[in-house]
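The values are calculated or read from the model by the stated rules, or taken from the named source; none is laboratory data. Owing to the predicted nature of the structure, the values given are computational and were not obtained by experimental measurement. Methodologically, a virtual Cβ is constructed for each residue, glycine included, from the backbone with ideal geometry; neighbour enumeration extends over all protein chains shown. We work out accessible area using only protein heavy atoms, side chains counted, and drop any ligands, DNA or RNA first. Shrake-Rupley method; radii C 1.70, N 1.55, O 1.52, S 1.80 Å.
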Amino acid sequence: IKVKAEDKEELVPLSVCSSGLQSVFPMLMVIDYCVKNQYFDSFVIEEPELNLYPTNQRELLHFVLKRYNNANSNDMINVVLTTHSPYTLSVLNVALMAKLVAEDEGFRNEVNSIVPAEEQLNPNDLAVYALSEDDQLCCKNLLDPKTRLIGMNSLDAVSEYVGEQFDQLYKMYVQSKRRQV
C-alpha cells in the first residue's frame with residue numbers, strides 16, 4: 001500500500017501493516033469490486049473499527065459513503081454497519097450535517113469544499129439503532145426526528161463520564177499546586 005508521510009509516499013508491504021489495515025483492505029477490495037460490478041445490492045460490515053486508528057476509521061467510512069452514493073446514483077444498495085465506535089457515529093453525523101446544510105443553495109459550494117458531496121449522507125437514507133439499556137431486548141432509534149442527526153447515546157456517555165472525572169481531578173491538581181507555592 002502507499003503510505004504518505006511528511007510529503008513523500010512510500011510503498012509498504014501489506015504483511016508489515018497493522019492487523020487493522022490487514023483486515024480492512026481485503027474487505028474494501030471486495031466491496032469495491034462487487035459494488036462496481038453490481039454483484040449484490042446489500043452488504044454487511046461488522047465492527048469495521050476493530051484495530052483501526054480513529055483516522056483510519058474515518059477514511060473507511062468515507063470509502064463506504066463514496067461507494068454507497070456512487071452506487072445509489074444507478075441502483076439502490078443497502079449497507080448494514082454494526083459498530084461500537086463513537087468515531088464512526090461522529091463521522092456519520094458530519095456526513096448527515098453536510099447534506100442538511102448543502103440543501104441550502106447558498107451554502108452548497110462551501111459545504112462541498114469541507115465535505116465532498118460523495119461523502120455526504122441523506123438522513124432519509126439512514127437508520128441508527130442501539131440496544132436499549134433497560135431489561136427489555138429492543139432497539140432504540142438514535143436519529144433525532146427534529147435535527148435528523150444521531151443523538152447522544154451510550155457510546156458517548158463514556159466520554160462524558162471520563163471528562164467529568166478528569167475535571168474533578170484537575171481541580172484538585174490545581175489546588176494542590178497552589179498549596180505548594
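What the table shows:
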read-out	value
Relative contact order (percent, whole number), the chain, Cα cutoff 8 Å, 6+ residue spacing	14
Under 22 Å from residue 177, Cα to Cα: lysines that are on another chain or at least 8 residues apart	none
Segment 1-57 - percent of accessible surface contributed by carbon and sulfur, probe 1.4 Å	55
Per-pair calculated FRET efficiency, R0 = 35 Å: residue 1 and residue 124 via Cβ, rounded to 0.05	0.50
Inter-centroid distance (Cα atoms) of segment 93-152 relative to segment 45-70, Å	16
Gained length - residue 157 relative to residue 41, 0.36 nm times residue gap less alpha-carbon distance	38.3 nm
Packing-based ranking, highest mean first, of 171-177, 45-51, 57-63, 4-10 given that Cβ atoms within 10 Å are counted	57-63, 45-51, 171-177, 4-10
Approximate spin-label separation residue 132-residue 176, in nm, with each point projected 7 Å along Cα-to-Cβ	4.4
Dimensionless Rg/Rh of the chain - Kirkwood Rh, Rg from C-alpha atoms	1.05
Peptides 24-31, 116-123 ordered by average Cβ neighbours within 10 Å, highest first	116-123, 24-31
Accessible solvent surface per residue of the chain, calculated while the other protein chains remain in place, 1.4 angstrom probe, Å²	71
The chain, helix-only ellipticity at 222 nm - DSSP H runs n ≥ 4, -39,500 (n - 2.57), divided by all residues, nearest 500	-17000 deg cm²/dmol
